[in-house]
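The structure under discussion appears below in the form of structure tokens.
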Amino acid sequence: MSKRQKYGGRQKGTPNKVNAEIRALLTDLNTRSLRTLLDKEELTTEEALKVLQITTKHLVPTLQSIEGSIDIVDTLKDQLADLSESELYKVAELIHQRLN
């Protein structure tokens with residue numbers, strides 16, 4: 001399947017202005033509504049925080065978790081294997097000095 005050529009439109013990485021404007025309006029509305037309800041004592045602080053928690057997930061994008069690991073031991077072994085005997089002694093002396 002061939003890729004189509006793009007004509008106009010948003011370029012990759014350009015923020016969607018409509019989404020940003022809607023998100024700003026909803027955030028402002030949410031904040032003003034909570035303040036009004038708190039001022040009129042129709043909501044307790046705990047209830048207001050719960051409402052804020054529920055509505056925020058619709059206003060703020062959810063971040064995806066990134067899994068990854070670095071095998072520090074193997075990396076360190078590789079780096080130490082490349083050192084000469086005199087360099088290894090220097091490393092050992094530095095470690096000894098910092099531990100004492």
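The values are calculated or read from the model by the stated rules, or taken from the named source; none is laboratory data. Everything numeric here is computed off the predicted structure, so don't read it as measured data. A quick note on method: Cβ atoms are made from the backbone with ideal geometry, for glycine too, and the neighbour counts reach across all protein chains shown.
Report, by residue number, each residue of segment 42-60 that is part of a loop (DSSP other than H, G, I, E, B) and hydroxyl-bearing (Ser, Thr, Tyr).
Restricting attention to segment 42-60, the residues satisfying the condition of being part of a loop (DSSP other than H, G, I, E, B) are 42-44, 60.
Thr44 - this is the single residue of segment 42-60 that is part of a loop (DSSP other than H, G, I, E, B) and hydroxyl-bearing (Ser, Thr, Tyr).
Let me confirm something: among Asp39, Asp82, Asp78, Asp74, which residue is on the phi < 0 side of the Ramachandran plot and at pLDDT below 80?
Matching residue, one of Asp39, Asp82, Asp78, Asp74: Asp74.
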Of the residues in segment 44-86, those that are over 26 Å from Arg23 (Cβ atoms) and in contact with a helix residue (DSSP H, G or I) (Cβ under 9 Å, 6 or more places away or on another chain) number 3
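So that you can scan it fast, the table gives a plain yes or no per residue for (1) part of a loop (DSSP other than H, G, I, E, B); (2) hydroxyl-bearing (Ser, Thr, Tyr); (3) in contact with a Lys or Arg (Cβ under 9 Å, 6 or more places away or on another chain):
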| residue | (1), (2), (3) |
| --- | --- |
| Thr62 | yes, yes, no |
| Asp74 | no, no, no |
| Leu80 | no, no, no |
| Leu83 | yes, no, yes |
| Glu87 | no, no, no |
| Arg98 | no, no, no |
Reported set for segment 2-41 where residues are free of Cβ contacts under 8 Å to residues at least 12 places away in the same chain, among the polar types (S, T, N, Q) and not in a loop (DSSP other than H, G, I, E, B) is Asn19, Thr31, Ser33, Thr36
Considering residues that are farther than 30 Å from Leu25 by Cα and exposed (fewer than 10 other Cβ atoms within 10 Å of the Cβ), the number found within segment 40-77 is 9
